[in-house]
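The values are calculated or read from the model by the stated rules, or taken from the named source; none is laboratory data. Note that the structure is a prediction, hence the values are computed from the model and not measured. Counting neighbours? That spans all protein chains shown, and the Cβs are built from the backbone with ideal geometry, glycine included. For the accessible areas, the whole protein counts, side chains as well, though only heavy atoms, and no ligand, DNA or RNA atoms are used. Shrake-Rupley method; radii C 1.70, N 1.55, O 1.52, S 1.80 Å.
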Amino acid sequence: MLYGPAGAGKSSFINSVDSVLRGKITRRAAADALFGSFTTKYREYKIPKVPGTHYPFVFNDIMGLEREAARGVCLEDIKLAMKGHVNNGYKFNPISAISEDNQHYNRDPSLNDRVHVLVCVIPGSTAGLQNDDNPSQLLTEDFEKS
Ligand SMILES: Nc1nc2c(ncn2[C@@H]2O[C@H](COP(=O)(O)OP(=O)(O)OP(=O)(O)O)[C@@H](O)[C@H]2O)c(=O)[nH]1
Ligand SMILES: [Mg+2]
């Protein structure tokens, strides 16, 4: 699963790997962000290998983190997604995390529903300018504590 600030290049990274492995330019994970968050839904991407088979990993793309309150993905949603509680297609709500009665809430996640690798994507052009209180840093600290 890829997380990081809005516009960092999460969706573009998935497109790049997809394109390299399939040998043609693909733009399945819509990417563009002139202002604010572009990806708003939780989407999983399997990459076809030979017909009928897929590479043995799945990319999960999420809404980006934003500094302002009530914008961008909720940290709680990232944690729930990691534990497998968020189903493909969920539309993130920046105001509140997914509730257990939501149709995309998975009450009983299997091992395959869980996230096994969390990748933080940050924009290289501003990496040196990030403050200690940036959202990605906060999430990392939160994980280290729990
Ligand atoms: N120069 C440069 N631009 C990039 C790179 N990756 C992505 N971009 C551009 O950055 C913008 C945002 O890319 P996205 O892939 O939509 O970013 P995102 O992290 O998915 O954004 P959200 O869905 O809003 O969270 C687009 O205009 C991309 O073309 C990169 O490696 N280098
Ligand atoms: Mg995106």
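Using a probe of 1.4 Å, the accessible surface attributed to Ile95 totals some 130 Å² when neighbouring protein chains are kept in position.
Taking Cβ atoms as reference points and 14 Å as the exclusive limit, the residues near Asn60 contribute a net charge of +3, counting Lys and Arg as +1 and Asp and Glu as -1.
A Förster radius of 25 Å combined with the Cβ-Cβ distance from Glu100 to Ala30 puts the calculated FRET efficiency at roughly 0.30. Ligands, DNA and RNA left out, the 1.4 Å accessible surface of region 4-43 is 57% carbon and sulfur atoms. Pairs spanning more than 23 Å between alpha-carbon atoms, out of Lys24/Lys83; Lys49/Lys91; Lys46/Lys91: Lys24/Lys83; Lys49/Lys91.
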